[in-house]
Amino acid sequence: MSLRRKIIDYSRGNNLSNFWRLYRLQKKAKNGLYRDILTFVMSRYAHRHGGYIGPDTIFNSVPVLPHGLHGIFISRYAVIGEECWIYQNVTIGEVNKKAPIIGNNCLIGAGAIIVGGIKIGDNVKIGAGAVVSTDISDGCTVVSQPMHVIERKLEQSCD
């Protein structure tokens with residue numbers, strides 16, 4: 001990557017490699033004070049980029065964030081699967097300390113809201129602006145408010 005591209009990515013807040021380094025260190029930390037310091041620094045870093053990722057959020061792999069952390073809120077109780085794409089202004093929130101479990105290879109469009117103790121299956125696409133508060137089966141595409149399932153794959157019911 002060229003120096004020019006690195007400077008542009010850094011100025012936009014798209015270079016999150018330091019954030020993910022802090023995240024990995026924070027997860028490995030055993031000492032309470034050391035973990036708290038890493039959590040504080042990680043939260044400040046996320047806040048600088050306009051987002052929030054809870055300290056206890058579980059990522060099975062680093063998600064793809066095409067627009068950086070801009071406007072993204074992820075609850076501390078959420079579990080995010082592998083190779084998920086999360087666009088700007090997404091909220092993955094909790095209700096009564098229960099947050100969504102999101103499967104692998106999911107795409108969450110800009111401005112989508114996912115709340116509650118629900119399960120989102122693998123290979124699910126959630127359209128921009130959709131509000132999801134019920135379980136979604138594997139391979140479905142969800143759009144709109146109120147939520148509508150518009151595509152079904154694999155002979156499964158997405159309802």
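The values are calculated or read from the model by the stated rules, or taken from the named source; none is laboratory data. Please read these numbers as outputs of a predicted model, since none were measured by experiment. Positions of Cβ are generated from backbone atoms using ideal geometry, with glycine treated the same way; all protein chains shown enter the neighbour counts. Side chains are part of the model used for accessible areas, which takes the heavy atoms of the whole protein and leaves out ligands, DNA and RNA. Shrake-Rupley method; radii C 1.70, N 1.55, O 1.52, S 1.80 Å.
Restricted to segment 104-159, and to residues there that are modelled with pLDDT under 90 and of a type in the set (A, V, I, L, M), the residue that is farthest from GLY68 (Cα to Cα) is LEU154. VAL115 fulfils the conditions (1) over 21 Å from TYR23 (Cβ atoms); (2) among the aliphatic types (A, V, I, L, M); (3) free of Cβ contacts under 8 Å to residues at least 24 places away in the same chain; (4) touching a Ser or Thr at 6+ places or on another chain (Cβ under 8 Å) except for a single criterion, (3). Checked across segment 126-134, the condition of being open to solvent by 40 Å² or more (accessible area, probe 1.4 Å) and part of a helix (DSSP H, G or I) holds for no residue. Listed by first and then second residue, the pairs with beta-carbon distance under 9 Å, at least 6 apart or on different chains, first residue in segment 56-67 and over 13 Å from VAL90 (Cβ atoms) and at pLDDT 85 or above, second open to solvent by 60 Å² or more (accessible area, probe 1.4 Å) and of a type in the set (Asp, Glu), are PHE59/GLU82; ASN60/GLU82; ASN60/GLU83; SER61/GLU82; SER61/GLU83.
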